[in-house]
Amino acid sequence: MGSHEVLLGIDPSLRGTGFGIIRLGRPHPVTLAHGTISCAAGWERSRCLAKISETLRDVVRQHRPTICIVEGLFYAQNLQTALIMGEARGAALAAIAEAGLEIFEIAPRKVKLAIVGYGAAQKLAVAKMVQRMLCLPELPAPDAADALALALTHAQEQGRYSFTQRKRI
């Protein structure tokens with residue numbers, strides 16, 4: 001993994017998809033961009049899905065990441081919630097796949113463990129640690145912090161020998 005590599009993390013959700021882009025470097029990675037693709041509660045799902053795809057296409061064009069890391073699936077107790085999350089994830093993955101990026105996924109608990117040291121850490125703890133690791137002047141929004149955490153976790157895993165295969169999608 002070269003020092004020029006640019007990683008895009010995505011935390012998909014219908015109403016608030018987080019994204020974060022880092023460039024690997026020394027002494028620490030540099031944040032290129034982060035944000036949340038917000039959709040109002042009154043919007044139709046199709047409008048939200050289109051906005052997620054369109055915004056991520058723009059982000060990829062602007063920052064030219066080489067790899068994408070998306071949050072792995074979690075088990076939702078509500079089937080409707082799981083379907084809607086799957087739609088948002090699909091919209092994000094389609095936009096990224098169009099750009100030809102390699103896409104990997106990491107389970108949410110694994111990200112929390114890598115960033116905070118505790119697999120059931122709260123969102124605020126993740127955001128504070130991401131702020132510290134990336135030397136950000138302000139606390140990133142929760143969904144953007146999760147996306148940056150995905151990119152950081154991937155970078156950490158590649159920095160050391162791993163016995164487990166990365167999950168490529």
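The values are calculated or read from the model by the stated rules, or taken from the named source; none is laboratory data. Note that the structure is predicted; figures quoted are calculated from it, not measured. Ideal geometry is used to build each Cβ from the backbone, glycine not excepted, and the neighbour counts take in all protein chains shown. With ligands, DNA and RNA removed, areas are computed over all heavy atoms of the protein, side chains included. Shrake-Rupley method; radii C 1.70, N 1.55, O 1.52, S 1.80 Å.
Couple of notes before you dig in:
- Residues of the range 91-107 satisfying the condition of being free of Cβ contacts under 8 Å to residues at least 12 places away in the same chain and in a helix (DSSP H, G or I): Ala97
- Test: residue in the range 16-34 that is in contact (Cβ under 8 Å) with a residue 60 or more places away in the chain, open to solvent by 50 Å² or more (accessible area, probe 1.4 Å) and touching a helix residue (DSSP H, G or I) at 6+ places or on another chain (Cβ under 6 Å): yes
- Screening Cys135 with (1) in contact with a His (Cβ under 8 Å, 6 or more places away or on another chain); (2) within 15 Å of Ala33 (Cα to Cα); (3) open to solvent by less than 50 Å² (accessible area, probe 1.4 Å) gives one miss only, at (3).
- Val60 vs. criteria in contact with a strand residue (DSSP E or B) (Cβ under 8 Å, 6 or more places away or on another chain), loosely packed, with under 14 Cβ neighbours inside 10 Å and in contact (Cβ under 8 Å) with a residue 24 or more places away in the chain: no
- Ala107 meets the conditions (1) under 17 Å from Gly20 (Cα atoms); (2) at pLDDT 95 or above in every case but one. The failed one is (2).
- Residue tally, condition more than 24 Å from Val111 (Cα to Cα) and of a type outside the set (S, T, N, Q), over the range 41-78: 14
- Failed criterion for Met129 (all others in (1) closer than 14 Å to Asp11 by Cα; (2) touching a residue at least 12 places away in the same chain (Cβ under 8 Å) hold): (1)
- Residue match in the range 108-123 (condition: assigned to a helix (DSSP H, G or I), open to solvent by less than 20 Å² (accessible area, probe 1.4 Å) and closer than 16 Å to Thr31 by Cβ): yes
- Any chance Thr81 is in contact with an Asp or Glu (Cβ under 7 Å, 6 or more places away or on another chain), outside any loop (DSSP other than H, G, I, E, B) and either over 14 Å from Ala147 (Cβ atoms) or in contact (Cβ under 8 Å) with a residue 24 or more places away in the chain (or both): no
- Whichever residue in the range 3-15 is touching a residue at least 40 places away in the same chain (Cβ under 8 Å) and outside any strand (DSSP E or B) and, among such residues, is nearest to Arg61 (Cα to Cα): Glu5
- Applying the condition of being of a type in the set (Gly, Ala, Ser) and modelled with pLDDT under 80 to the range 141-169 and asking which residue is nearest to Gly16 (Cα to Cα) yields Gly159.
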